[in-house]
1. Mind listing just one residue for me: the one in segment A:296-311 that is out of contact with any Phe, Trp or Tyr (no Cβ under 7 Å at 6 or more places or on another chain) and either of a type in the set (A, V, I, L, M) or on the phi > 0 side of the Ramachandran plot (or both) and, of those, surrounded by the most Cβ atoms within 10 Å (Cβ to Cβ)?
2. Looking at segment A:179-204, which of its residues are touching a Pro at 6+ places or on another chain (Cβ under 7 Å), in a loop (DSSP other than H, G, I, E, B) and open to solvent by 10 Å² or more (accessible area, probe 1.4 Å)?
3. If you go through segment B:51-71 one residue at a time, do you hit one that is open to solvent by less than 10 Å² (accessible area, probe 1.4 Å), closer than 20 Å to A:Ala48 by Cβ, more than 7 Å from chain A (Cβ to nearest Cβ) and among the aromatic types (Phe, Trp, Tyr)?
4. List pairs: first in segment B:341-356 and more than 13 Å from B:Thr372 (Cβ to Cβ), second of a type in the set (Gly, Ala, Ser), Cβ under 8 Å, 6+ apart or cross-chain?
5. Can you tell me which residue among B:Leu82, B:Leu94, B:Leu58 is in a strand (DSSP E or B) and under 18 Å from the mean Cα position of the chain (by Cα)?
6. Answer yes if at least one residue in segment A:120-141 is surrounded by fewer than 22 Cβ atoms within 10 Å (Cβ to Cβ), out of contact with any Pro (no Cβ under 8 Å at 6 or more places or on another chain) and under 26 Å from A:Leu50 (Cβ atoms), and no otherwise.
7. I'd like the residue in segment B:99-135 that is in contact with a His (Cβ under 9 Å, 6 or more places away or on another chain) and among the acidic types (Asp, Glu) and, out of all such residues, is most open to solvent (accessible area, probe 1.4 Å).
8. Looking at segment B:136-154, which of its residues are in contact (Cβ under 8 Å) with a residue 24 or more places away in the chain, open to solvent by 40 Å² or more (accessible area, probe 1.4 Å) and touching a strand residue (DSSP E or B) at 6+ places or on another chain (Cβ under 9 Å)?
Amino acid sequence: MPVHPSPSPATSPALHLAVALDGAGWHPAAWREPGADPGLLFTAGYWAALVAEAEAGLLDFVTFEDSLSLQSTDPAGPDGRTDLVRGRLDAVLVAARVAPLSRHIGLVPSVVATHTEPFHVSKALATLDYVSRGRAGLRIQISERPDEVRHFGRRTAPLDPAELYGEAADHVEVVRRLWDSWEDDAEIRDAATGRFIDRAKLHYIDFEGPRFSVKGPSITPRPPQGLPPVSALASDAAVYPFLARSADIGYVPAHDAGEIRTAVAALPGTPHLFGELTVFLDEQPAAAERRLQRLDAAHGTAYTSDAPVFAGTPAHLADLLLEGREAGLTGFRLRPGVLAHDLPAITRGLVPELQRRGAFRRAYEASSLRGLLGLPRPASRYAAAPAAPAAAASPAA
Amino acid sequence: MSKPLKQIHLAAHFPGVNSTTVWSDPAAGSQIDFDSFLHFARTAERAKFDFLFLAEGLRLREQGGEIYDLDVVGRPDTFTVLAALAAVTEHLGLAGTINSTFNEPYEVARQFASLDHLSGGRAAWNVVTSWDAFTGENFRRGGFLPREERYERAREFLDTAHELFDAWDGGEILADPVSGEFLRDANPGAFAHLGKQFDISGHFNVPRSPQGRPVVFQAGDSDEGREFAAAAADAIFGRYGTLEAGRAFYADVKGRLARYGRTPDELKILPAATFVLGDTDAEAQELAREVRLQQVSGATAIKRLEHVWNRDLSGYDPDGPLPDVDPVPGENTIALGRASVRMHRDPLAVAREWRERAAAGGLSIRELVMETTERQSFVGSPLTVAQGIDALVQADAADGFILVPHLTPGGLDAFADTVVPLLQERGVFRREYEGPTLRDHLGLAAPRALAPAHG
């Protein structure tokens with residue numbers, strides 16, 4: 001394989017790396033592998049250990065998958081299988097649980113916009129930002145699953161994906177307006193006048209949309225990052241309008257440089273586009289292939305995914321990631337095939353390889369997730385508006 | 001032979017959005033930074049408290065059409081803080097208020113089941129309900145719920161959540177890599193609930209948690225609230241911290257348990273209590289007066305009076321006499337987002353009584369408000385406070401107390417250092433945790449199915 005010369009950091013920005021945490025890993029048989037600890041999937045210690053490993057590898061952030069239904073191979077409902085991991089914990093709470101045990105790495109739980117209240121999501125993520133001291137992010141997804149609809153019982157299937165993405169965009173808009181609804185210096189503790197806050201720096205958001213309306217302001221002061229980064233999976237081009245409106249990071253499951261360039265051209269305003277890749281890593285290329293075959297044999301069928309699958313060495317993967325960077329990606333979200341094996345292979349194999357090529361950080365350079373991603377901390381949209389204190393503080397209409 | 005000493009249950013309420021928190025004191029820290037919660041939780045755990053409690057409010061309070069700014073404003077998300085605190089404590093129970101009106105059972109049940117897993121069995125849920133369209137303006141559902149249905153929805157919400165908690169019995173997960181069976185049961189978590197408030201079915205996706213069901217608390221003093229607690233709660237947050245009122249409440253609520261097939265031990269009665277400690281009783285009394293003056297400023301006194309009068313009283317002098325105009329009867333429109341205004345169900349009678357008290361004592365508005373609003377439940381030296389708490393518990397006025405310090409985050413420190421050791425010496429409070437879960441701390445048995453409600 002070709003060996004690329006180390007590019008100059010000045011001309012080629014360092015790659016960003018995230019890891020997607022889910023169950024025992026992304027291969028359906030991952031839970032049967034040595035070290036997978038499948039009996040511990042519902043304990044805090046399991047998740048804390050994964051996050052510690054990712055942080056030891058200086059990764060930008062981890063994401064936590066979630067859903068409001070049982071995992072299933074059948075999009076209509078439970079598949080009745082007994083050979084796969086089923087059940088999961090609330091992703092926001094898992095992220096909060098590991099936050100005090102980590103210091104630098106970003107924590108990005110998944111939230112289903114279709115069935116949740118943006119008011120609750122906004123304060124939960126703001127609070128995750130407080131408990132992690134500026135390391136919260138949000139991954140938004142929609143759900144079309146009819147069984148999930150029945151878990152809530154307040155709308156009827158089938159749901160239209162285009163409408164759901166429109167609703168999700170409103171959801172994100174409300175979440176962000178609520179984050180902005182307290183200006184940073186709203187708390188004044190002015191003993192002389194007895195005022196704890198300056199109410200002119202709190203703002204009603206008055207959002208009106210077809211699915212919901214939200215008054216505001218938030219009950220939670222503006223989070224440390226101001227606006228924690230929002231991300232979403234670009235599962236196909238139909239999602240691009242949502243990404244363009246709502247995401248700081250889009251995860252693009254692109255199979256080749258052409259696809260990447262198309263996505264990059266279609267999403268010029270999205271600050272970060274990460275490649276989405278499932279990985280099986282071993283020091284010998286044949287070993288990775290053999291391991292994947294062993295997993296497939298245990299599972300009974302060949303592994304397929306909505307994202308490209310890579311099986312090979314960390315050096316080869318580094319080549320692939322740098323090619324993605326050449327095509328316009330700013331980073332990658334890697335899905336470890338087996339967390340117990342492939343997460344350490346990323347942190348202890350891929351990361352040093354990228355560092356040797358000058359393409360990855362050697363120490364955490366910022367204390368917030370926005371800082372790690374090179375995103376400035378924005379001012380509140382309400383603070384930026386021309387001063388109109390009387391209108392800003394006006395009561396509910 | 002004398003009756004054995006009752007063991008006292010103690011919990012701590014993180015002080016925040018209420019009328020007792022003193023934010024202007026130089027020792028007052030952040031109400032939102034995680035360091036404050038961490039300090040508070042570790043103090044409570046050092047003192048071997050049963051649990052830490054977080055209140056909730058889903059809309060900022062308003063008065064006279066403006067966001068109320070004289071008390072602490074703003075708080076974090078309950079679930080998220082409790083999950084983070086699970087990482088920095090080992091035994092302390094983690095209790096939070098979650099509203100049953102502006103949430104859905106599936107989501108709340110999986111959040112509490114997740115918290116119970118992530119804390120190793122320390123989660124508790126204070127079920128509250130709301131009916132007001134004011135709070136509803138922040139949510140998809142809006143103000144849809146008729147007031148009289150609020151306990152009906154709360155009860156059905158809790159029943160539904162229990163069905164979800166019970167949907168996994170705990171034996172489903174094998175996780176056997178050799179056989180390849182992750183599940184023993186191909187259909188785990190199946191549930192179906194059809195009721196007036198909820199019609200939902202499917203599969204709960206969180207396996208059974210360490211406590212099976214999180215501990216359930218209930219707050220509320222109405223007849224429906226007492227009945228709801230007797231039927232379905234593990235603890236009730238009582239309102240009465242005095243001997244006679246406390247004993248009456250205690251006897252009434254415990255007396256309701258039998259009709260649900262429950263014993264008096266199955267429901268703990270825990271009133272909220274404030275406290276001021278000093279080296280001597282006289283010093284504590286002096287400190288308590290200073291705290292009261294910080295809690296009830298002139299501006300605060302006028303605003304509190306408006307809760308009864310239901311009209312703008314901003315033109316009145318807080319150091320002058322009570323207004324000669326009468327309250328505006330009916331729905332209180334001046335103070336929004338407060339539970340406490342509903343306490344004044346007959347404002348004309350309250351105003352009459354307050355005028356009589358003011359006249360008899362020669363009290364100004366501010367002095368009257370200081371007399372009639374919350375005061376410190378326990379004031380004195382550590383010994384006086386320990387004796388006071390113990391006496392109320394042994395006299396069956398309470399099973400313990402939820403302490404609400406007036407300072408964040410250090411307001412619990414002195415209590416932990418001085419009062420708790422005295423209670424331990426008296427043999428009425430644990431020296432070490434006896435088990436890992438909150439049910440262990442509260443002496444509650446493993447959960448069983450709810451008894452059907454009667455009338």
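1. Looking at the filtered set, the residue picked out is A:Ala307.
2. Within segment A:179-204, A:His203, A:Tyr204 qualify.
3. No, segment B:51-71 has no match at all.
4. Filtered contacts from segment B:341-356: B:Val341/B:Ala335.
5. B:Leu94
6. Taking every residue of segment A:120-141 in turn, at least one turns out to be surrounded by fewer than 22 Cβ atoms within 10 Å (Cβ to Cβ), out of contact with any Pro (no Cβ under 8 Å at 6 or more places or on another chain) and under 26 Å from A:Leu50 (Cβ atoms).
7. Among those residues, the one meeting the criterion is B:Glu107.
8. B:Glu137
The values are calculated or read from the model by the stated rules, or taken from the named source; none is laboratory data. It should be emphasised that the depicted structure is a prediction, and the values quoted were computed from it without experimental measurement. Please note: Cβ atoms are built from the backbone with ideal geometry, for glycine as well, and neighbour counts cover all protein chains shown. What goes into the accessible areas is simple: the full protein's heavy atoms, side chains included, and nothing from ligands, DNA or RNA. Shrake-Rupley method; radii C 1.70, N 1.55, O 1.52, S 1.80 Å.
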